Amino acid sequence: MLKLDLIDRLKLPPETLILGSSRAKRAEPVLLQKLTGRSGFNAGVTGGTAADAWVMTRYLADCYPRRRHRYLWFVDIGLATNGVPPALTADARSHRYLAETGGSKVSRRLCGPGDRRTSFLYNPDGSYTRRGVAGLPKHGWKFNQKLAAAVAKVRASDGRNGLRTDPKRLVWLEKALSFMNKQGVRPVIVLNPVHPVILAELRKYGYPARKAAHASLQQLHERYEFVFVDAEDIRRWGGSPDDFWDPKHINYANTRRLLRYVVAHSHGALR
């Protein structure tokens, strides 16, 4: 995986690890450092699952075993998934974590520069390069059609999608939370924004997925320490409905607003 390759090539260990799917990939470590005084690395991956976050967390910790990392984790309303993406399974560096084989720590030599792939998409800190950003339009292709389709999907299901959260989906999330807490760290979990038009439609049906997610988070809070920041409603953090590049992803302007809000409401966990 390219993000593991970038971790291999780090010259200094980042103090904050940004986790999540493509919705987390616009979170800029440079801005996070300005807000917290701590360096960061964006380990978000397209289609990323909790298994990806688990592997990224463990790999970085094993590469820098004497460092204390902070964690900023962006999640969707489903919270997590127990699925393991093929790209993660195919990377030999992830096998020990997915199999939970235990044993000795990863050798620092295996985490150092090697014959790894390069990419014009990412900077050394995991953020998009200018060339990578050029492929991300301010307002995505066929935005209105996609938004209408998302609303139609909610109506077709009467808002019943995600009526409950299957505990099996939380396996990798719980592993990661347990590991982070054992390192003496309270991760910050952010519930990703939802476009206000879609959110309004979901609320017409009582939004059962949100109720299920909050019930699961409450149960997790009984066993693990973490800070939860609910960013689903963009009005809470000053987001703009014009700053979505498609119905699921906010653009850089909104992401910067969100990062400022998250740091201000993380109760010191990111400082």
Name the residues in the stretch 49-88 that are among the basic types (Lys, Arg) and farther than 22 Å from Ser266 by Cβ, would you?
Arg58, Arg66
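Residues are listed down the side, and each one gets a yes or a no for (1) modelled with pLDDT of 95 or more; (2) farther than 24 Å from Thr16 by Cβ:
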residue: Asn192; (1), (2): yes, no
residue: His195; (1), (2): yes, yes
residue: Ala200; (1), (2): yes, yes
residue: Tyr205; (1), (2): no, yes
residue: His221; (1), (2): yes, no
residue: Arg235; (1), (2): yes, yes
residue: Asp242; (1), (2): no, yes
residue: Leu258; (1), (2): yes, no
residue: Val262; (1), (2): yes, no
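Would you mind stating whether Ala87 is surrounded by fewer than 17 Cβ atoms within 10 Å (Cβ to Cβ), in contact (Cβ under 8 Å) with a residue 12 or more places away in the chain and farther than 20 Å from Met180 by Cα?
Working: surrounded by fewer than 17 Cβ atoms within 10 Å (Cβ to Cβ): yes; in contact (Cβ under 8 Å) with a residue 12 or more places away in the chain: yes; farther than 20 Å from Met180 by Cα: yes.
Yes, satisfied.
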Looking only at the stretch 154-189, how many residues end up being at pLDDT below 95 and out of contact with any helix residue (DSSP H, G or I) (no Cβ under 9 Å at 6 or more places or on another chain)?
5
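Results for (1) at pLDDT 95 or above; (2) aromatic (Phe, Trp, Tyr); (3) more than 16 Å from Val190 (Cα to Cα), shown as yes or no for each residue.
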{"residue": "Gly47", "(1), (2), (3)": "no, no, yes"}
{"residue": "Asp62", "(1), (2), (3)": "yes, no, yes"}
{"residue": "Arg66", "(1), (2), (3)": "no, no, yes"}
{"residue": "Leu72", "(1), (2), (3)": "yes, no, no"}
{"residue": "Val75", "(1), (2), (3)": "yes, no, no"}
{"residue": "Gly78", "(1), (2), (3)": "no, no, no"}
{"residue": "Asn82", "(1), (2), (3)": "no, no, yes"}
{"residue": "Ala87", "(1), (2), (3)": "no, no, yes"}
{"residue": "Ala92", "(1), (2), (3)": "no, no, yes"}
Strands (runs of 3 or more DSSP E) completely within the stretch 183-271 that count 1 or more residues being within 23 Å of Glu15 (Cβ to Cβ)
188-191, 227-230
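For every residue, the table says whether it meets (1) touching an Asp or Glu at 6+ places or on another chain (Cβ under 7 Å); (2) buried (at least 18 other Cβ atoms within 10 Å of the Cβ).
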site: Asn192; (1), (2): yes, yes
site: Ala200; (1), (2): no, no
site: Lys211; (1), (2): no, no
site: Arg223; (1), (2): no, no
site: Trp237; (1), (2): no, yes
site: His249; (1), (2): no, yes
Just a yes or no: is a residue in the stretch 2-25 crowded, with 24+ Cβ neighbours inside 10 Å, touching a residue at least 40 places away in the same chain (Cβ under 8 Å), among the charged types (D, E, K, R) and assigned to a loop (DSSP other than H, G, I, E, B)?
yes
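Specify which of the listed residues (Arg235, Arg257, Arg203) is more than 19 Å from the chain's Cα centre (by Cα) and free of Cβ contacts under 8 Å to residues at least 24 places away in the same chain.
Numbers: Arg235 fails: free of Cβ contacts under 8 Å to residues at least 24 places away in the same chain; Arg257 fails: more than 19 Å from the chain's Cα centre (by Cα).
Step by step, each of Arg235, Arg257, Arg203 is checked, and only Arg203 is more than 19 Å from the chain's Cα centre (by Cα) and free of Cβ contacts under 8 Å to residues at least 24 places away in the same chain.
The values are calculated or read from the model by the stated rules, or taken from the named source; none is laboratory data. The structure presented is a predicted model; accordingly, all values stated were derived computationally and were not measured. Positions of Cβ are generated from backbone atoms using ideal geometry, with glycine treated the same way; all protein chains shown enter the neighbour counts.
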